[in-house]
1. So if I check each of 483, 500, 449, 457, which one is within 26 Å of residue 243 (Cα to Cα) and either free of Cβ contacts under 8 Å to residues at least 40 places away in the same chain or touching a Lys or Arg at 6+ places or on another chain (Cβ under 8 Å) (or both)?
2. Quick one: how many residues across the range 495-516 are of a type in the set (A, V, I, L, M) and outside any helix (DSSP H, G or I)?
3. Would you check if there is a residue in the range 63-70 being touching a residue at least 12 places away in the same chain (Cβ under 8 Å), assigned to a helix (DSSP H, G or I), under 18 Å from residue 188 (Cβ atoms) and of a type in the set (Phe, Trp, Tyr)?
4. Any residue in the range 141-165 that's within 20 Å of residue 468 (Cβ to Cβ) and open to solvent by less than 30 Å² (accessible area, probe 1.4 Å): show its pairings with residues that are among the basic types (Lys, Arg) and not in a loop (DSSP other than H, G, I, E, B) at Cβ separation under 6 Å, as long as the two are six or more apart or on different chains.
5. Residue 429: at pLDDT 90 or above, over 30 Å from residue 326 (Cβ atoms) and in contact with a strand residue (DSSP E or B) (Cβ under 9 Å, 6 or more places away or on another chain), yes or no?
6. Of everything in the range 149-169, what is modelled with pLDDT of 95 or more and not in a loop (DSSP other than H, G, I, E, B)? Give them in sequence order.
7. Would you tally the residues in the range 479-491 being open to solvent by less than 10 Å² (accessible area, probe 1.4 Å) and out of contact with any strand residue (DSSP E or B) (no Cβ under 7 Å at 6 or more places or on another chain)?
8. Which is surrounded by fewer than 13 Cβ atoms within 10 Å (Cβ to Cβ), β-branched (Val, Ile, Thr) and at pLDDT 90 or above, of 130, 122?
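The values are calculated or read from the model by the stated rules, or taken from the named source; none is laboratory data. All values derive from a computational prediction rather than experimental measurement. Here the Cβ positions follow ideal geometry from the backbone for every residue, glycine too, while neighbour counts run over all protein chains shown. Surface accessibility is based on the protein's heavy atoms, side chains included, excluding ligands, DNA and RNA. Shrake-Rupley method; radii C 1.70, N 1.55, O 1.52, S 1.80 Å.
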Amino acid sequence: MPSAMNPDESLQGDAGIVSPGGQELAGADSREPRGRTHRRAASAYLFCERLTEATLCFAVVFNPWVFGTTQEWAIWVMNIAGYALGGLLAMKWLVRLATGYCPARWTQSHRQSSSTGSRWLIRALAVMTILFLGYVLASAINARAVFHGERLDFEHFQCIPWLPHTYDRSATWFEFWEYLGMACVFWAARDWLGGMAPEELEADERAARASAGTAQTRSWRDGVGGGRIPVRLRRLLLVLCLTGSLAGLEGIVQRLAGSNKLLFLIQPRFNRESEGQFGPYANRNNAAEYFNLLWPVCAGLAFLSAQAANRDRQEGLRKRGTAHRWLAAGAVLMGACPLISSSRGGSLIALGMLPVALVVMLAIPRGTLTGGKVGLGLLFAAAIQVAVIFGWDALERRFEDDSLADLSGRLAAYKNAEGMAKDYPLFGSGAGSFASLYYLYRADPDTEWCAYLHNDWLESRITLGWIGFVLLLALLAGAGAHWFLGRGVPLPGLLTALVWLAMAGCLVHARFDFPFRVHSVATVFLLYCSVLSCSSRAQK
């Protein structure tokens, strides 16, 4: 039965079967140019795949350590990385189209069932991505005004009022380039995650051959049901967890030292006191949002890694590594960080997610041993204990603060913003234009001029209008729905549930803060969307 080929394995084309060394094997005919074409295609494709993985890992590591990627120069570095990923994805598509080369992918596995719904969903996501980018681009081109910050006034232009438009041309152009880079990251990560590693392909082909006889051979997909995670996804999550663990450790050390310099290097323009910062983030709330996205997935990855190691030992296989131990330590560290950061919203979100994550990890896996359940309980208890030891005093003072009554001035800003939402219902005021326009909507000129509304839901509705806002929600829903359609990278139900939990926590926090205005937080959320959009249920 035909199977997808991998660049690291032998190649099969019209010229017969070719070994990695380039020598033709039995059954090959004399059409050597075609065989050389496929070898070159495989080499080019593998080169693009490796560059894609390296660029994704660079983005994951770079984002938090450059002060959360909140500075314009850092955002442009990430934009360029996104465009590079988009270029690599285009090159891979060209190789496939020009040479007919078929790389090994999970959607071509012999265990995958065909799914028309999956194919149509991906096409719909692609169309909606193009529509959303076109919507923002049209508003930037059809600008109604530009805001001059040095003069605090608007310069108006002629525009077509029945088309998308913006009241701050420069801000909307900046947002467009940022959205374009993020779209490239999403689709490049999705395509890369959908490829099979050599060991996965080998196990899948052994299972395919065994299915024709009487031998019972497990494929890699069967192993996913027992805690094994697809290789590429595991590598990406390991980089995410390791980066987050180190950032959390640095944040705790910096808080204990009382330093008000980010990474002990730079004092930020805002939040100049150490209690308002955490780690590389000038805003403790943004730090809490970042760690709340990571610790549930890190805990799930640790649990599944331990489960897979235990299963391998029971089957007499070679003892696996001990990654689950440092993953568990990283989950404890990152789970404590939202509370140690003294972010009220982040702490409440973390405390709300803790029991949900524990129930999910105890309920979803089948056959969890008593020792595993006890270990989970100790893991979550340790996270709370670390948080209490290092951060409870500062957090208690924050909850006793009088500013809690009006959410530190947020309620007044929400009231002003409601008027903005009514004035720009359909097309919005233009992506990125909130800060410029809010200057005009303050009820009292002496009140604070907010750069962000601290409510991403309402700010997105104001700037993008109902059209852009609905497109964003549709993209989010489409990415999350793919797992149910049965065609893609096999993802354990436990890990899927914890990814959803982490994303749900971020979406809840976005009602009272601005996580999606911070590039490093938005990138982690986007990578989770990529994982969900290419995954399917793991077979038991």
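1. None of the other options fit; the residue is 500.
2. So the count comes out to 1.
3. no
4. Filtered contacts from the range 141-165: 143/169; 146/169.
5. no
6. Correct list: 169 only.
7. The qualifying residues number 1.
8. Testing whether each residue is surrounded by fewer than 13 Cβ atoms within 10 Å (Cβ to Cβ), β-branched (Val, Ile, Thr) and at pLDDT 90 or above leaves just 130.
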